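Structure first, then comments.
The values are calculated or read from the model by the stated rules, or taken from the named source; none is laboratory data. A quick note: this is a predicted structure, and the numbers were derived from the prediction, not measured. As a convention, Cβ positions derive from the backbone with ideal geometry for all residues, glycine included, and neighbour counts pool all protein chains shown.
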Amino acid sequence: MRHQFWLVRHALVDSGALSYLYGTDDVGICDATMAADAGRYAALAARLPRPARLVCSPLSRTQLTAQAIIRAGYPAQTPLIDAAFIEQDFGAYQGLPISQFDQRKLGERHPFWPIHAAETPPNGESFDAMITRVGAGLEQLLVQPPGRDTIIVSHGGAIRAACAYALGLSAHQALCLSVDNISLTRLEYHDHGWKIMSMNEHLSISTCETMRRPSIKQQHRDIETVAETSSGATP
């Protein structure tokens, strides 16, 4: 059995939320950035497998991102909403300014995450608990149905957790991974276990068009033009 998971991080959130720890809060996305990234959504729509099962977290920022990919050309479908792939629940810390966590002493927080990797916020969950939750979600998708591709539009924390589950990374190691907005991470499961196919891919239609090689016919025309010019003939 082979099953590939195509993990897409949601669109950039509204600038008003960026300075706060929002976690599982349902904050809005930045509409201007989404419009400016139209080429990236078109590239994703062309890159993602079809047919494939589409999964989103319960938060609107993942579902709006999935809608943008569909508008850009991916076949329309209603996504499965799965809470296993929601962002880390920061509990009582949600809504607090991130600057408040920047003031913590060395060792009291992760270098790339607002809180310590092993910390459980009041009424929230630790990153270890999140790895367990996301891993269980992946395993559930594997059994029904098997042998398919699954696209999961999720969150930076959940995608790190998925990679940690696949590779057996610690919470601290997982939080050292970079996952950008609208980037693609691919995991594969088969009879020998888990494999990371790629991580944090950035796709762009314009880049692909710029790098596209000329056709064989055009190459022949170019060669003929050079030959004629060298011989003094008028092209």
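Restricting attention to segment 46-90, which residues are farther than 20 Å from D26 by Cβ and among the charged types (D, E, K, R)?
First, pick out the residues of segment 46-90 that are farther than 20 Å from D26 by Cβ: 46-53, 70-77.
Matches in segment 46-90: R47, R50, R53, R71.
Going by what's in this entry, would L177 be described as within 17 Å of the chain's Cα centre (by Cα) and either acidic (D, E) or at pLDDT below 90 (or both)? If you could, list the steps in order and put the result at the bottom.
Values: within 17 Å of the chain's Cα centre (by Cα): yes; either acidic (D, E) or at pLDDT below 90 (or both): no.
Spelling it out, it is not the case that L177 is within 17 Å of the chain's Cα centre (by Cα) and either acidic (D, E) or at pLDDT below 90 (or both).
I196: in contact (Cβ under 8 Å) with a residue 24 or more places away in the chain and buried (at least 18 other Cβ atoms within 10 Å of the Cβ), yes or no? First the steps, then the outcome.
Working: in contact (Cβ under 8 Å) with a residue 24 or more places away in the chain: yes; buried (at least 18 other Cβ atoms within 10 Å of the Cβ): no.
Taking the combined requirement at face value, the residue does not satisfy it.
Go through (1) within 22 Å of the chain's Cα centre (by Cα); (2) in contact (Cβ under 8 Å) with a residue 24 or more places away in the chain and name the single condition A129 misses.
That leaves (2) as the condition not met.
Exactly one condition in (1) out of contact with any strand residue (DSSP E or B) (no Cβ under 9 Å at 6 or more places or on another chain); (2) in a loop (DSSP other than H, G, I, E, B); (3) among the aliphatic types (A, V, I, L, M) is false for V179; which is it?
Condition not satisfied by V179: (1).
I'm trying to understand the selection: among the residues of segment 11-37, which are surrounded by 20 or more Cβ atoms within 10 Å (Cβ to Cβ) and touching a strand residue (DSSP E or B) at 6+ places or on another chain (Cβ under 6 Å)?
Selection gives A11, I29.
If E108 meets every condition in (1) in contact with a Gly (Cβ under 8 Å, 6 or more places away or on another chain); (2) surrounded by fewer than 12 Cβ atoms within 10 Å (Cβ to Cβ) apart from one, which number is that one?
(1)
Tell me, please, whether a residue that is of a type in the set (V, I, T) and within 16 Å of the chain's Cα centre (by Cα) can be found in segment 115-122. Step through it out loud before you land on a result.
Looking only at segment 115-122, we keep the residues that are of a type in the set (V, I, T), and these are 115, 120.
Going one step further and asking which of them are within 16 Å of the chain's Cα centre (by Cα), we end up with none.
Scanning segment 115-122, I find no residue that is of a type in the set (V, I, T) and within 16 Å of the chain's Cα centre (by Cα), so the answer is no.
Quick check: anything in segment 75-86 free of Cβ contacts under 8 Å to residues at least 60 places away in the same chain, within 25 Å of A136 (Cα to Cα) and polar (S, T, N, Q)?
Yes.
Does segment 38-83 hold any residues that are of a type in the set (A, V, I, L, M), part of a loop (DSSP other than H, G, I, E, B) and loosely packed, with under 14 Cβ neighbours inside 10 Å, and which are they? Quick ask: steps written out before the conclusion?
As a first pass, look at segment 38-83 and keep what is of a type in the set (A, V, I, L, M): 38, 42-46, 48, 52, 54-55, 59, 64, 66, 68-70, 72, 76, 80-81, 83.
Filter again for part of a loop (DSSP other than H, G, I, E, B), leaving 48, 52, 59, 72, 76.
A76, the sole residue that qualifies.
Just to be sure I understand the filter: pairs with C-beta atoms under 8 Å, separated by 6 or more residues or on different chains, first member in segment 39-50 and in contact (Cβ under 8 Å) with a residue 60 or more places away in the chain, second member outside any helix (DSSP H, G or I) and surrounded by fewer than 16 Cβ atoms within 10 Å (Cβ to Cβ). Which pairs pass?
G39/S204; R40/H202; R40/S204; A42/G73; A43/S204; A46/G73
Mind checking which pairs have a first residue in segment 132-145 that is under 15 Å from L187 (Cα atoms) and a second that is at pLDDT below 95 and of a type outside the set (S, T, Y), Cβ under 7 Å, 6 or more apart or different chains?
Pairs that qualify, where the first residue is under 15 Å from L187 (Cα atoms) and the partner is at pLDDT below 95 and of a type outside the set (S, T, Y), are L142/H3.
Filter segment 46-60 for residues that are basic (K, R) and either under 23 Å from Q88 (Cα atoms) or touching a Phe, Trp or Tyr at 6+ places or on another chain (Cβ under 8 Å) (or both) and give the result. Talk me through it step by step, then tell me what you get.
At the first step, the residues of segment 46-60 found to be basic (K, R) are 47, 50, 53.
R50, the sole residue that qualifies.
Looking only at residues in segment 15-37 that are β-branched (V, I, T) and part of a loop (DSSP other than H, G, I, E, B), which one is nearest to V134 (Cα to Cα)?
Restricting attention to segment 15-37, the residues satisfying the condition of being β-branched (V, I, T) are 24, 27, 29, 33.
Filter once more, so that each one left must be part of a loop (DSSP other than H, G, I, E, B): 24, 27.
Values: T24: 14, V27: 21 Å.
Only one residue fits best here, namely T24.
Could you say whether any residue in segment 123-142 is touching a His at 6+ places or on another chain (Cβ under 7 Å) and modelled with pLDDT of 95 or more? Quick ask: steps written out before the conclusion?
Here is the first cut: in segment 123-142, the ones touching a His at 6+ places or on another chain (Cβ under 7 Å) are 142.
If we keep only those that are modelled with pLDDT of 95 or more too, we end up with none.
No: segment 123-142 contains no residue that is touching a His at 6+ places or on another chain (Cβ under 7 Å) and modelled with pLDDT of 95 or more.
Could you list all residues from segment 84-116 that are under 15 Å from G23 (Cβ atoms), touching a Leu at 6+ places or on another chain (Cβ under 8 Å) and in a loop (DSSP other than H, G, I, E, B)?
I86, E87, F90, Q94, G95, L96, P114
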